[in-house]
Amino acid sequence: MEDFPSNLMEFETRFSTEEACRKYLYQLRWPEGFICPRCGGHKGWRTDRGLIVCPACGHNTSITAGTIFENTRKPLMLWFRAMWWITSLKTGASALGMQRVLGLTSYETAWTWLHKLRRAMVRPGRDLLSGRVEVDETYLGASEKGLRGRKTEKKALVVIAAQEDGKAIGRIRMRRIQDASANSLEPFIEESIEPGSLIHTDGWEGYAGLKKKEYHHEITVLAKHKESAFELLPRVHQVVGLLKTWLAGTLHGGVSHEHLDYYLDEFTFRFNRRTSKSRGKLFYRLVQQAVQVDPVPYKVMVKHVRERRNRDHKI
Ligand SMILES: [Zn+2]
């Protein structure tokens, strides 16, 4: 049963206490009922401090341990407001916007929360694309008119998969990759698209190995210049156009490459749910995914970003 508030009034009424937020997290984290991680027992008593005590072995389990809320010192009510705010935005979220709306004193906290929540927006290895899927790469951060304050002139290479839905676009997946070699493209495809699907690409050699994998592969060789890829792989290129517009609007042109992955996740989350009329359902999905991802402490997140940056600069 998908259970979520359908509007702001219902949201405010429902999540007005820490206990109500914990109860919601508990339900989404253990939809089939609690299982003790130590003894496998199926009973658990919830304490008012967010712990579940196993009556069989006495083990304590924290409701937020192992989720993006692990070790947070802020009230869950504030996190819930952050998630509601993010999902009620039609466009992208900014750390400054979040700081203002939630009344957070620290910009750093807003930034960290936003990146944690973006991580929860796309679950690698889940909800794979299937059927006919177009795949192509594009460069982002190229010198385009109207882009201001770019932090780097270096372009980022992004691979995009767009599922066909008749003439329209179904769901999408995307990832920043180091290069367009098979070693970079194939892991993305295998983690994003179900085996047995038909993958439609241009004649680039990086895709040549797909035949040996469990995919059907349709190749449309571009006779002329790469520009005409727009007509041959129209869905992917429409997504690229939307992504570039979105990035320019959300980041005011300041695409910081070290964080591009998070923005790609946010874009994908919003795009794949663009037809959903219910904001409450988006909220539900985000909370559901937030209790399923691993926690990422701020230090680790920044370290990861630094490593990435160093690696990029070596190329
Ligand atoms: Zn137990």
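Quick rundown of the values:
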read-out: For the range 71-142 versus the range 11-50, the gap between their alpha-carbon centres in whole angstrom; value: 23 Å
read-out: Karplus 3J(HN,Hα) series, Hz, for the range 64-80 with 6.51 cos²θ - 1.76 cosθ + 1.60 (x for Gly, Pro); value: 9, 4, x, 10, 5, 8, 4, 6, 6, 9, 8, x, 4, 4, 6, 4, 5
read-out: R171 long-range amide H proximity, modeled H, under 5 Å; value: Q163
read-out: Estimated vicinal HN-Hα couplings, Hz - the range 6-12 in sequence order (Karplus 6.51, -1.76, 1.60; Gly, Pro = x); value: 9, 8, 4, 4, 5, 4, 4
read-out: Karplus-derived 3J(HN,Hα), 6.51/-1.76/1.60, for each residue of the range 87-101, Hz, glycine and proline x; value: 6, 8, 7, 7, 9, x, 9, 10, 4, 5, x, 5, 4, 5, 5
read-out: Out-of-range pairs (alpha-carbon distance over 27 Å; input K167/K277; K213/K277; K116/K277; K23/K43; K43/K277; K43/K281); value: K213/K277; K43/K277; K43/K281
read-out: Accessible-area value, D48, 1.4 Å probe, nucleic acids and ligands omitted, Å²; value: 120 Å²
read-out: Using a Förster distance of 51 Å, the FRET efficiency for S16-L198 (Cβ separation, nearest 0.05); value: 0.55
read-out: Probe 1.4 Å, all protein chains present, accessible-area order of Y263, Y107, Y24, largest first; value: Y107, Y263, Y24
read-out: Dipole axis of the range 1-145 (+1 Lys, Arg; -1 Asp, Glu on Cβ), positive-most option in A56, F80, T109; value: A56
read-out: Debye, to nearest 20: dipole size of the range 11-117, +1 on Lys, Arg Cβ, -1 on Asp, Glu Cβ; value: 40 debye
read-out: Listed residue (P5, F15, A65) projecting farthest to the positive dipole end of the range 1-72, Cβ model; value: A65
read-out: Whole-angstrom gap from the range 160-189 to the range 260-288, using each part's C-alpha centre; value: 18 Å
read-out: Förster radius 35 Å - calculated FRET efficiency between T245 and K212, Cβ distance, rounded to 0.05; value: 0.40
read-out: Those aspartates and glutamates that a straight Cα-Cα span of less than 14 Å connects to K90, excepting residues fewer than 8 apart in one chain; value: E266
read-out: Exposure ranking of R171, R118 by accessible area [1.4 Å probe, largest first]; value: R171, R118
read-out: Accessible area (Å², 1.4 Å probe, nearest 10) - H42; value: 140 Å²
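The values are calculated or read from the model by the stated rules, or taken from the named source; none is laboratory data. Since we're looking at a predicted model, the values are computed, not measured. Ideal geometry is used to build each Cβ from the backbone, glycine not excepted, and the neighbour counts take in all protein chains shown. We work out accessible area using only protein heavy atoms, side chains counted, and drop any ligands, DNA or RNA first. Shrake-Rupley method; radii C 1.70, N 1.55, O 1.52, S 1.80 Å.
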